[in-house]
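S.K.: Handing you a structure now.
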Amino acid sequence: MTKTYDQYRESTLGRADVEDTPELLAYYRQLEDLKVGALWTVANKIEPWQPKSDSVPVVWRYKDLRETVLRSVELVTPEKAGRRVIYLNNPGRTEVSAAVGWLYSGLQVMHPGELASAHAHSSSALRFIMEGRGAYTIVDGHKMTLGANDFVLTPNGTWHEHGVESDGLPCIWQDGLDIPLVNALEAGFYAVHPDLQQAVGFPVDDQVSLWGAAGLRPQNIGWNKPYSPLFKYQWEPTYEALRRYSEAREDNPFDGALMHYTNPVSGGHVMATIGASMQLLRPGFVGKAHRHTGSFLYQVAKGKGYSIINGQRLDWQERDIFCVPSWAWHEHVNESGTDDACLFCFSDLPVMEKLGLYREEALADNDGHQPVATSN
Ligand code: GTQ
């Protein structure tokens, strides 16, 4: 087995350990004037032994948020607001408006007959539908109808807009975007569609008709874009696939039965910078603790339980959202003895993998479980 990073020496040996002297302090000021600096004054900070996330574990409970989110409908119109969204503001990441790490997320609310104007941006986006009826998203002329627990992509560069049919019900969905990452990379562009609304150019839900049959690929229809052509992943087949998987194999000790939403052409992640998964925790499942790089945002699609994240217990139920910051220990528990629990999750895993930065380790001590310091 390879040594874990914890097993390497963490000491001042081989690390910057220079004490300030009047002479050095004067020297540092001189360097500052020249717009340079001495590496040894920052080295331990910029090269920590292990990832040190500024994000804190948070659970956003739907019962606390729902009424307040709905109130925004009385206060602003989608036309004025651009998009009527209440975003998740991680206390450690307020400067970049991130929910965790370099990921943004928010709850968007729309009433029947409302729509937001078509736009495109460098950020990749996704939505996970929480409640309502009649919601739709149009991506590059492909219109998709949306129901609870459906997962929709609006990949970077695509024209997209959202609305709710006039005979529908008020809808709330979770948006997930890599806005903070794209901003950190200083690569963000934004455009409003010249006609404000785009024409629907294909039969409704056509991308699902073409690409949504498991194990089958349409002849004569090519796809060479760097994201999945299957823009919508519906709840029913996802849940069915998870149930079958959990019947066919034993649980993974950390995640139960977890499946990644995939690009049917490549078998890889759905988008270049954001990946997503759904996992099923069978009744009574008690997961072990592990940690890995990457930032993860979960929404409880079904069931009730809790997760322990860096020693903090966060209880959750359907529609609650919680985050696991990079390199944070985490373990999940389904508290029900009779019903399974399902966790939707999106993350920057594709970025970690592509850049060769993905690392993972299991908690070795205490039978693989964290001591619980606090509950929330
Ligand atoms: O609809 O693409 O919540 O651009 C924030 C920024 C949603 C969107 C958000 C966005 C979108």
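S.K.: Give the whole-number value, in cubic angstrom per residue, of the convex hull volume spanned by the C-alpha atoms of region 46-128.
M.R.: Numbers: hull volume 11.6 nm³, N = 83.
Per-residue hull volume (Cα only) is 140 Å³.
S.K.: Sticking with this one: At a 1.4 Å probe, what is the % contribution of carbon and sulfur to the accessible area of region 212-304? Let's see the in-between values first.
M.R.: Working: 2260 of 4470 Å².
Exposed carbon and sulfur together represent 51 percent of the surface.
S.K.: Rounded to the nearest whole Å², what accessible area per residue is found for the chain with the 1.4 Å probe?
M.R.: Result: 51 Å² per residue.
S.K.: Let me ask you something else. Do the alpha carbons of any pairs in Lys45/Lys354; Lys63/Lys304; Lys63/Lys288 sit beyond 18 Å of each other, and which pairs? Kindly include the intermediate steps, with their values, before the conclusion.
M.R.: Working: Lys45/Lys354 25 Å; Lys63/Lys304 13 Å; Lys63/Lys288 28 Å.
Among Lys45/Lys354; Lys63/Lys304; Lys63/Lys288, the Cα-Cα distance tops 18 Å for Lys45/Lys354; Lys63/Lys288.
S.K.: Still on this model: Which value in Å is the Kirkwood Rh of region 88-167 over different Cα pairs? It would help to have the intermediate numbers written out before the result.
M.R.: Working: mean 1/r = 0.0736 Å⁻¹.
Hydrodynamic radius (Kirkwood, Cα only) of region 88-167 equals 13.6 Å.
S.K.: Right, next: Hey, which lysines would be in cross-link range of Lys52, C-alpha to C-alpha under 20 Å, not counting anything within fewer than 8 residues on its own chain?
M.R.: Cα-Cα hits under 20 Å: Lys3.
S.K.: Given the -39500 (n - 2.57) contribution per DSSP H run of 4+ residues, what per-residue ellipticity at 222 nm results for the chain, rounded to the nearest 500 deg cm²/dmol?
M.R.: Values: 8 runs with 66 residues, N = 376.
Value at 222 nm, helices only: -5000 deg cm²/dmol.
S.K.: Pop out the ³J(HN,Hα) list for region 204-217 in order, Karplus 6.51 cos²θ - 1.76 cosθ + 1.60 with θ = phi - 60°, rounded to Hz; leave Gly and Pro as x.
M.R.: Each residue of region 204-217 in turn: 4, 6, 5, 5, 6, 4, 6, 10, x, 8, 4, x, 10, 10 Hz.
S.K.: Right, another one. About its Cα centre, how strong a charge dipole does the chain have in debye, to the nearest 20, once Lys and Arg get +1 and Asp and Glu get -1 at the Cβ?
M.R.: Working: 33 positive and 47 negative charges, 70 e Å.
Approximately 340 debye in magnitude.
S.K.: Could you work out what % of the accessible surface of region 310-376 is carbon and sulfur, using a 1.4 angstrom probe and leaving DNA, RNA and ligands out of the count? Mind showing how you got there, number by number?
M.R.: Working: 1400 of 2980 Å².
That share works out to 47 percent.
S.K.: Among the lysines, which have Cα under 26 Å from the Cα of Lys80 when same-chain residues fewer than 8 positions away are ignored?
M.R.: Lys143
S.K.: Can I ask one more? Step through the residues of region 89-97 one at a time and calculate ³J(HN,Hα) from phi using the Karplus curve (6.51 cos²θ - 1.76 cosθ + 1.60, θ = phi - 60°), rounding each to whole Hz and writing x for Gly and Pro.
M.R.: Per residue, the Karplus-derived 3J(HN,Hα) values read 10, 5, x, x, 9, 4, 5, 10, 6 Hz.
S.K.: Which value does Rg/Rh take for region 256-326 over its C-alpha atoms, Rh per Kirkwood?
M.R.: Values: Rg = 13.3 Å, Rh = 13.7 Å.
Here Rg/Rh amounts to 0.98.
S.K.: Now a separate question. Please give the FRET efficiency for Trp40 paired with Glu318, using the beta carbon to beta carbon distance and R0 = 56 Å, rounded to the nearest 0.05. Before the final figure, lay out each step's value.
M.R.: Working: r = 52 Å, r/R0 = 0.92.
It comes out at approximately 0.60.
S.K.: Of the listed peptides 60-67, 178-185, what is their order by residue-averaged count of other C-beta atoms within 10 Å, with the highest listed first? Don't jump to the answer; show the numbers that get you there.
M.R.: Details: 60-67: 14.9, 178-185: 20.1.
Output ranking for 60-67, 178-185: 178-185, 60-67.
S.K.: Using amide H atoms built 1.01 Å from N in the peptide plane, name the residues 5+ places from Ala301, or on other chains, whose amide H lies under 5 Å from its own.
M.R.: For Ala301, the qualifying residues are Arg319, Cys342, Leu343, Phe344.
S.K.: Just how many % of Cα pairs in region 133-255 lie over 20 Å apart, if you round to the nearest whole percent? Don't skip to the answer; put the middle values down first.
M.R.: Details: 4207 of 7503 pairs.
Roughly 56 percent, once rounded to a whole number.
S.K.: Between Leu355 and Tyr27, what is the label-point separation in nm under the 7 Å Cα-to-beta-carbon projection?
M.R.: 3.3
S.K.: Fully extended, how many nm does the chain gain between Val286 and Val76 (0.36 nm per residue separation, minus their Cα-Cα distance)?
M.R.: Numbers: separation 210, 0.36 × 210 = 75.60 nm, distance 4.34 nm.
The Val286-Val76 span can extend by a further 71.3 nm.
S.K.: Another question about this same structure. Among the helices of the chain (complete DSSP H runs), which have Cα atoms covering no less than 15 Å along the helix axis and a Kyte-Doolittle mean of at least -1.0? Before the final figure, lay out the partial values.
M.R.: Working: long enough: 22-33 (17 Å, -0.79); 62-75 (20 Å, -0.46); 235-248 (20 Å, -1.34).
Helices meeting the span and hydropathy rule in the chain are 22-33, 62-75.
S.K.: I'd like the Karplus ³J(HN,Hα) series for region 156-166: coefficients 6.51, -1.76, 1.60, θ = phi - 60°, whole numbers in Hz, and an x wherever there's a Gly or Pro.
M.R.: Karplus-based 3J(HN,Hα) across region 156-166 equals 4, x, 7, 6, 8, 8, 10, x, 10, 4, 5 Hz.
S.K.: Here's another thing I want to ask about it. So what is Rg over Rh here for region 8-86, counting just Cα atoms and using Kirkwood for Rh?
M.R.: On the way: Rg = 24.3 Å, Rh = 18.2 Å.
Ratio of gyration radius to Kirkwood radius: 1.34.
S.K.: Along the Cα→Cβ direction, 7 angstrom out, place labels at Asp367 and Glu165. What is the inter-label distance in nm?
M.R.: 5.2
S.K.: I'd like the per residue volume of the convex hull spanned by the Cα atoms of region 312-376, given in cubic angstrom. List each step's numbers first, then the result.
M.R.: Values: hull volume 7.8 nm³, N = 65.
It comes to 120 Å³ per residue, whole-number rounded.
S.K.: Listed highest first by mean packing, meaning other Cβ atoms within 10 Å per residue, what order do 42-49, 356-363 come in? Walk me through the numbers on the way to the answer.
M.R.: Values: 42-49: 10.5, 356-363: 13.5.
The densest-packed peptide leads the list: 356-363, 42-49.
S.K.: Let me ask something else. The chain: percent of C-alpha pairs farther apart than 32 Å? Display every interim value, and only then the final one.
M.R.: Values: 26811 of 70500 pairs.
Here the long-distance tail beyond 32 Å is 38 percent of all Cα pairs in the chain.
S.K.: When the accessible area of region 36-132 is split by element with a 1.4 Å probe, what percent falls to carbon and sulfur? Please report the intermediate quantities before stating the final value.
M.R.: Working: 2610 of 4790 Å².
Ligands and nucleic acids excluded, carbon and sulfur give 54 percent.
S.K.: Name the long-range amide H neighbours of Glu335: under 5 Å, sequence gap of 5 or more, or other chain; modelled H, no Pro or chain starts.
M.R.: Lys304, Gly305, Tyr306
The values are calculated or read from the model by the stated rules, or taken from the named source; none is laboratory data. Computed from a predicted model, the values in this text were never measured in an experiment. Here Cβ is always computed from backbone atoms with ideal geometry, including for glycine, and neighbour counts include all displayed protein chains. In case anyone asks, the SASA skips ligands and DNA or RNA and just uses the protein heavy atoms, side chains included. Shrake-Rupley method; radii C 1.70, N 1.55, O 1.52, S 1.80 Å.
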